[in-house]
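Encoded as structure tokens, the structure appears first; notes follow it.
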Amino acid sequence: MVEVNQAKILSSGALEHDREFALFDEQGKFVHAKRTKEIHKIFTKFSDDFQFVYLSTDKITETKFELSENKIINDFFSEHFGFKIFMKQNTAQGFPDDGNSNGPTLISENSLIEVRNWILKEQNISLSIEEMVKRFRPNLIIAETKAFWEDELIHGGIIYSGEVMIQGGKATPRCVVPTRDSTTGEAMSGFAKIITENRKKTISPNTNLNYFEHYYKLCLNTKIPFSESSKILKVGDEIKTESETWGDLV
């Protein structure tokens with residue numbers, strides 16, 4: 001997880017450097033945390049200019065690599081996983097899970113707090129907000145909004161972050177990854193069930209339920225149109241809804 005104070009919008013609608021690299025096996029299939037919890041045992045740090053990466057695992061000491069050194073990095077990952085790994089780069093739009101809504105994933109800070117409270121109440125396990133962020137991996141966290149406010153933007157709702165227009169896509173379906181400790185990869189029994197049951201009970205009446213075939217969903221996939229290319233999203237940007245920007249029709 002890398003925190004930045006600002007991010008540039010690419011012409012594809014993705015954030016510059018977001019999910020820019022991915023790992024593949026010899027058959028061209030993704031090697032990610034949905035597939036293996038060994039991903040959680042890899043620790044990474046990037047240089048400020050994103051030219052270098054520092055990699056280590058629970059068994060391999062930290063090593064500095066140039067991100068252009070594909071073969072050497074491939075060898076590092078192959079040693080860790082025990083089979084051939086190939087790192088690929090996509091600077092145009094990265095490797096998003098949702099090809100139709102490939103913009104930044106978005107969530108209210110209070111949504112994370114609410115889910116954390118559910119876990120504390122039902123499992124008596126206290127997770128930090130930092131751990132919640134690592135498990136759900138949102139790109140944008142919106143402060144000072146009600147919990148699950150982002151659900152009301154599903155399938156076309158529009159907000160403005162500073163000067164950048166962001167359009168809501170699908171609620172993000174979750175996989176096994178958020179159930180796991182972000183460092184050890186060990187799963188928490190009942191984690192997904194707690195979220196599913198509480199989401200169903202507390203979902204806003206303003207939410208379009210046609211897009212909830214199940215309730216194990218958290219965060220919002222988004223789209224950013226081509227018109228926003230090269231604009232900058234910044235920490236501290238004011239968030240406005242479309243009606244607040246243009247005024248309500250009468």
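The values are calculated or read from the model by the stated rules, or taken from the named source; none is laboratory data. Just so it is clear, the model here is predicted, and its values are computed rather than measured. No Cβ is skipped: glycine too gets one built from the backbone with ideal geometry, and neighbour counts run over all protein chains shown.
Counting only residues that are under 23 Å from Gly168 (Cα atoms) and touching a residue at least 60 places away in the same chain (Cβ under 8 Å), the stretch 115-134 holds 3 of them.
Of the strands (runs of 3 or more DSSP E) that lie entirely inside the stretch 189-250, those containing 1 or more residues that are in contact with a helix residue (DSSP H, G or I) (Cβ under 9 Å, 6 or more places away or on another chain) and more than 13 Å from Met165 (Cα to Cα) span 217-223. Of all the listed residues (Phe81, Phe77), the sole one being crowded, with 16+ Cβ neighbours inside 10 Å, in contact with a strand residue (DSSP E or B) (Cβ under 7 Å, 6 or more places away or on another chain) and not assigned by TED's automatic domain parsing to the domain that holds Gly168 is Phe77. For the stretch 58-86, a residue qualifies if it is of a type in the set (Ser, Thr, Tyr) and farther than 17 Å from Phe46 by Cα, and exactly one does: Ser78. Residue by residue through the stretch 131-177, note down the ones that are in contact with an Asp or Glu (Cβ under 9 Å, 6 or more places away or on another chain) and among the polar types (S, T, N, Q). Within the stretch 131-177, Asn139, Thr145, Ser161, Thr172 meet the criteria. Of the strands (runs of 3 or more DSSP E) lying entirely inside the stretch 99-187, those containing at least 2 residues that are in contact with a His (Cβ under 9 Å, 6 or more places away or on another chain), of a type outside the set (Ser, Thr, Tyr) and surrounded by 19 or more Cβ atoms within 10 Å (Cβ to Cβ) span 164-173.
Selection of first residues in the stretch 36-49 that are free of Cβ contacts under 8 Å to residues at least 24 places away in the same chain and of second residues that are among the hydroxyl-bearing types (Ser, Thr, Tyr), restricted to Cβ pairs under 6 Å at least 6 apart or on distinct chains, gives the following pairs, ordered by first then second residue: Phe43/Ser56; Lys45/Tyr54.
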